[in-house]
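Okay, so here's the structure we're looking at.
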Amino acid sequence: MSPAGAWSRLRLRQSPHARELLSDTTFTVGHLIQPIFVVEGLDAPEAVDGLGENRRFDLQSALDRVARDVDAGVRHVLLFAVPAARQAAPARFDHLQRTVEAIKARAGDGVHLWTDICLCSWTDDGHCALFDERGGIDLDASLRALAVMATAVAAAGADGISPSDMMDGRTAAIRVALDQAGHHAVPIMSYSTKFASAFYGPFREAADSAPAFGDRRGYQMDPANRREARREATLDAAEGADVLMVKPALPYLDVLADLRRTFDRPLAAYHVSGEWAMLRAAAERGWIDGDRVLMESLVAIRRAGADWIITYGAREAALRLAAVWTE
């Protein structure tokens, strides 16, 4: 006869209600952040290969999309604003400000709007930094530009700032600039641990951010470096980051779990465009159940330690969470 313990484990797996009660890891739509791309000068939304309904939106269609998302329960948004014109050294960010103002005017407190802060969609070379006459990164000029961008969107009504550039010292520079401008209550969700990953392909098209020369390995992290990830997160925490982020998510769950053991502040993970595109491509070919794999992936990211998950599947997950999930 089978051991009593075996029967006990089996009994507690039979009912979906029992499985729900015994779940170690859960999440709600409140843990999810939906990215959105708003492109200046578009007349209608544009598709992005691999991203499905995550399109490049004109402002009006973006406002409509956010309104529908809020109605579906997706209340957290990460904004990427793409300007029509690029500059060698951008100093104004009018399109970004107008977009933030329009979203907050339409949705108000119904949406919590994080704003990505980076120069890659604004510079004429597509890099996240400004360069000096010798071709090296001009760190001081880069930090000044990022601080101007951050204070501009805070003044426009952004609920949070999310710098993704990976410039050393940028969290401190942005915190000082925000505080000096009176935006003490605006939090920073720092891309503290952002790897020079090959998983960003569809995003580069959506944000028009592919570098014109070279790559970003000079300022993003080597995917092989787990210990350096802890150091980077420690530095950002010391500089005033309210939330630390790991990007990408699934290939770096070990890093996310390390940071969860090390820090008691909120952690975010970015389930990036390449991860989402692979999932959708496999689902479209019938190789996997796309909805179940999405939910399993998000549970795995939560289990590893993420408080919030930035994912292109937030809308789909919201629909799934609203339904009765039975097996």
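Read-outs: derived from the displayed coordinates by stated rules, not from any lab. Since this is a predicted model, take the numbers as computed values, not measurements. We place every Cβ from the backbone using ideal geometry, glycine too, and count neighbours over all the protein chains shown.
Residues whose amide H falls under 5 Å from that of V246, counting only those 5 or more places apart or on a different chain, are A268, A269, Y270, with hydrogens built in the peptide plane. Along region 36-47 the Karplus relation, 6.51 cos²θ - 1.76 cosθ + 1.60 evaluated at θ = phi - 60°, assigns HN-Hα couplings of 9, 10, 10, 10, 5, x, 6, 9, 7, x, 10, 6 Hz to successive residues, with x for each Gly and Pro.
Pick the calculated mean projected area of the Cα convex hull in nm² for this structure from (1) 17.5; (2) 18.8; (3) 20.5? It is the value labelled (2).
Coupling constants for region 300-315 follow from the phi torsions by the Karplus curve (6.51 cos²θ - 1.76 cosθ + 1.60, θ = phi - 60°), and in residue order they are 4, 5, 5, 4, 6, x, 6, 7, 10, 10, 8, 8, 6, x, 4, 5 Hz; glycine and proline get x.
Each residue of region 182-190 was assigned a 3J(HN,Hα) from its phi angle through the Karplus curve 6.51 cos²θ - 1.76 cosθ + 1.60 (θ = phi - 60°); the sequence is x, 9, 4, 8, 8, x, 10, 9, 8 Hz, with glycine and proline shown as x. Placing pseudo-labels 7 Å out from each Cα toward the beta carbon at R13 and A282 gives an inter-label distance of 2.2 nm. Working from label points 7 Å from Cα in the Cα-to-Cβ sense, the A85 to F131 distance is 2.3 nm.
Backbone amide hydrogens, once placed in the peptide plane, bring V82 within less than 5 Å of V38, V39, E40, excluding anything fewer than 5 places away on its chain.
Which of the peptides 25-35, 101-111, 249-259 is most tightly packed, and how do the rest follow, going by the mean number of other Cβ atoms within 10 Å of each residue?
Numbers: 25-35: 18.1, 101-111: 15.5, 249-259: 21.2.
Highest-to-lowest ranking by the protection proxy: 249-259, 25-35, 101-111.
Taking Lys and Arg as +1 and Asp and Glu as -1, the other residues whose beta-carbon sits under 11 Å from that of R68 total -2.
Close amide H partners of M221, meaning residues 5 or more places away or on another chain with modelled amide H under 5 Å apart, are K194, F195, A196. Counted by Cβ distance under 13 Å from H183, the other residues give a net charge of -2, where Lys and Arg count +1 and Asp and Glu count -1. From its DSSP helices (H runs of at least four residues, each -39,500 (n - 2.57)), the chain gives a residue-normalised ellipticity at 222 nm of -13000 deg cm²/dmol. Compared with the direct C-alpha span, the chain from D242 to D254 gains 2.2 nm at full extension, assuming 0.36 nm per residue. Compared with the dominant principal axis of the Cα atoms in the chain, helix 170-180 is inclined by about 70°.
So if each residue of separation counts as 0.36 nm, and I subtract the Cα-Cα distance between R292 and E40, what length gain in nm does that give?
On the way: separation 252, 0.36 × 252 = 90.72 nm, distance 3.55 nm.
The span from R292 to E40 would gain 87.2 nm if fully extended.
For the pair V176 and A224, label points projected 7 Å from Cα toward Cβ lie 3.5 nm apart.
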